[in-house]
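The values are calculated or read from the model by the stated rules, or taken from the named source; none is laboratory data. No experiment lies behind these values; they were computed from the predicted model shown. Ideal geometry is used to build each Cβ from the backbone, glycine not excepted, and the neighbour counts take in all protein chains shown. For the accessible areas, the whole protein counts, side chains as well, though only heavy atoms, and no ligand, DNA or RNA atoms are used. Shrake-Rupley method; radii C 1.70, N 1.55, O 1.52, S 1.80 Å.
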Amino acid sequence: MAEEIKIKKRSSIFRQLVLLILLPVVISILGYSYFNYTQNSNRLIEADLQKRKLITDQIRTSMNMFDAGSQLLEKNLDEKMVEMSNRIIDFYKKDTAVFSKTDADLIAEKADLDTSVNDMYVFNNDKVIFNATFKKDVGFDFKKLGDRYVKFLDSIKTLDHCFPERTSIQYATNRPRKFSYHATPDKKYILELSFTSPGYENLQNIMFGSIDSLNKNFTEIRKITLYMATEIFPTFDKTAILKETHKPAMTQVYKTGQAKEIVEEENEQRLTYSYYFLDMKGSNMHDGWIIQFITDDSNQKKLIARELKNLGWLLLLTVLPLFLLIWFGTKRLTNPIKILAQKVNRISSGSLNERVEIKGNNEITELSSHFNKMVNDLQDSYNTLEQKVKDRTSELEHQKEIVEEKQKEIVDSINYAQRIQKAMMASDHLLNENLQDYFVFFKPKDIVSGDFYWACTVNDLKTKEQTNHSTPEQINQLTENRKPETVLKRFYLAVCDSTGHGVPGAFMSLLNINFLNEAINEKNILAPNDVLNFVRKRLMESPKDESGESAKDGMDGVLMCFSHSSEDGETDLLFAAANNPVLLLRENATIEFTADKMPIGKSPRDEVSFRLQTEKLKQGDKIYCYTDGFADQFGGPKGKKFKYKPLQEFIISNAHLSSATQKTLFNETFDKWKGLLEQIDDVLIVGINI
């Protein structure tokens, strides 16, 4: 921590100077460089736009010249094409099937059509060329060229004369041609003638020469190409570069008239493909032309490199000297403060003998003087405080010894109380003597417990004259036909939960055990329900609060009596239950004997007698009694209670296991469910296998 303070002190002044002086300078330089780059970039872009406008205007001029020259040539060709088209149609107007049966070369020869220069094509109603002198075009489907061509050919069928179209591009050869269209009288076929002239070649060479000169004059432009504005974009230039990925952009340019640019990296070069629409009307086949510019953006890269180089030199010549000046000045200024900080670190480590040497006559000198005075005062205060701490520590140690001694006495007393409580509960010897197979899962919350299990035996049959509380008929309702001399061995087992836990609960359990013992062994009360009634009465008579009312302390639980006959060897179960049920598992059935919904103690129903419940037991029966500690324990992934239904399901699913295994599973499951949470109550589960 001291070293951390030291670093902050040494760097704070330098950091402030850098933020206040150097950072604004750097920001200003960067701002100037960005402004300068923006200006140069804008000028470069403006120059590029001017160049492209100039090129577009020159191309428009060349195209106008090509169009004007084409019109002059077309006047002569129109008359020849109309004459030739009418001649061919007149030959076969009575039998147009000749167009589908006779080879086009024979038809052309009969009409004196020179097929070495000109061509003839025949379309059917599906707009497919099925007969032609130029055999490569046979089978060509004009519907592939788009709706514009389909509509145009449909419009030809409405005419009864030859229609000469403007000069266009032949798709197979990429050369300029003059086309005419003439529908047969029965409208089944369309005759197309394709004528050319040497003048077209001259006009094309002039136009290409103009474009080539533009390529040479503007070195940053790699290539300029003209495409006819149709759906498939034909061109005169056989070396044209049109990528499939660019066709959607060209279609958008054709439809909207808005220019588009596509930037791509090719062979470590950044190329820009620009597309512009050149509106030139006059043809039913196309609306104009699309100009493609392929531009090398090397100038833009050179501009960025030049600006970065200038920025680097500017930073080197201005920022570096300024940085060094601030660093040396800060070092000279902070040396005295550094020494003072070192003294502070040593003092904070406990060395109060440190002092700062007084030098000069400035603010740091005054600070050093006040620092020495502060250390002197601190040393005096430290000495005084140290003596007080020693005195107080001695006093606390004495009090600690007293508290530890008292705590030891309390713990010893509680441990002794545990031994007393354990001695009063059912011993292993007594349980082993009367139960063949059983387990007791007992987990107190504290050293002593409010939960307890208690047992005793009664070996003879009491007569009516020997007890004032229960008749033999009430006690032996399941064995009333046995002989008088029959000896019945009764084994009583109580599984109870006293009010509270810890020391208060333990005191309550001792009181409850005492009353149970008094009822059975002293008062000879044998019926379990009468025993609980007696214990409740004694509890209500016992402690009184300050107002004279009976305390609401008591217990919940089950008192069972296992009545074993020496005559027939049968065992009957007589029991009474307060709030806690008895669970009986017999073969594949589960029987839950409900408890009376009232405690063994003061309650709104304390005048109501507990019910006596009976059951004749069979070999293999399994009996379970439990208090609320397991079901009410918080835990699991959501920190909720375990609850009674999952507890009963857990008992049933593991009842086939041995008693020792069941006890282990209960312990492991409880600890896993509880996790790191605190145990909230005592836990007691008793399982008996008949």
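At full extension, residue 161 and residue 61 could sit 32.6 nm farther apart than now, given 0.36 nm per residue minus the alpha carbon distance. For segment 10-142, the carbon plus sulfur part of the accessible surface works out to 57%, probe radius 1.4 Å. Dipole orientation for segment 17-127: of the candidates 121, 89, 102, 121 has the Cα lying most toward the positive pole (charges on Cβ; Lys, Arg +1; Asp, Glu -1). What the phi angles of segment 308-321 give under the Karplus curve with 6.51, -1.76 and 1.60, with θ = phi - 60°, is a coupling list of 5, 5, 4, 5, x, 5, 5, 5, 5, 7, 10, 6, 4, x Hz, glycine and proline written as x.
Measuring r between the beta carbons of residue 240 and residue 268 and using R0 = 25 Å, the FRET efficiency lands at 0.60.
Of the residues 646, 369, 384, the one whose Cα sits farthest toward the positive end of the charge dipole of the chain, with +1 on the Cβ of Lys and Arg and -1 on the Cβ of Asp and Glu, is 369. Taking every protein chain into account, the 1.4 Å probe leaves residue 564 with about 80 Å² of accessible area, to the nearest ten. Sorting the segments 21-34, 384-397 by their mean number of nearby beta carbons within 10 angstrom, highest to lowest, gives 21-34, 384-397. Scaling the Cα radius of gyration of segment 550-666 by the globular reference 2.2 N^0.38 Å produces a ratio of 1.23.
Rounded to the nearest 0.05, the FRET efficiency derived from the C-beta distance between residue 212 and residue 45 at R0 = 30 Å is 0.70. Projecting the Cα atoms of 341, 319, 424 onto the charge dipole of the chain, computed from C-beta unit charges around the Cα centre, puts 319 farthest toward the positive end. Label positions at residue 101 and residue 76, each projected 7 Å from the Cα along the C-beta direction, are separated by 3.9 nm. Taking every DSSP helix (H) stretch of at least 4 residues in the chain, weighting each as -39,500 (n - 2.57) and dividing the sum by the residue count yields a mean residue ellipticity at 222 nm of -16000 deg cm²/dmol. Residues whose amide H falls under 5 Å from that of residue 488, counting only those 5 or more places apart or on a different chain, are 461, with hydrogens built in the peptide plane.
Charged side chains reduced to their Cβ positions (Lys and Arg at +1, Asp and Glu at -1) give the chain a dipole of some 3040 debye around its Cα centre. A crude spin-label estimate for the pair residue 83 and residue 259, with each label 7 Å from Cα along the Cβ direction, gives 4.8 nm. Here residue 135 is the anchor, and the aspartates and glutamates within straight C-alpha reach of less than 16 Å, apart from those fewer than 8 places off in the same chain, are 103, 105, 109, 114, 119, 192.
Round to a whole angstrom and tell me the spacing of the C-alpha centers of segment 228-274 and segment 509-530. A separation of 107 Å, based on Cα centres. A 1.4 Å probe run over the chain, with the rest of the protein chains in place, finds 55 Å² accessible per residue.
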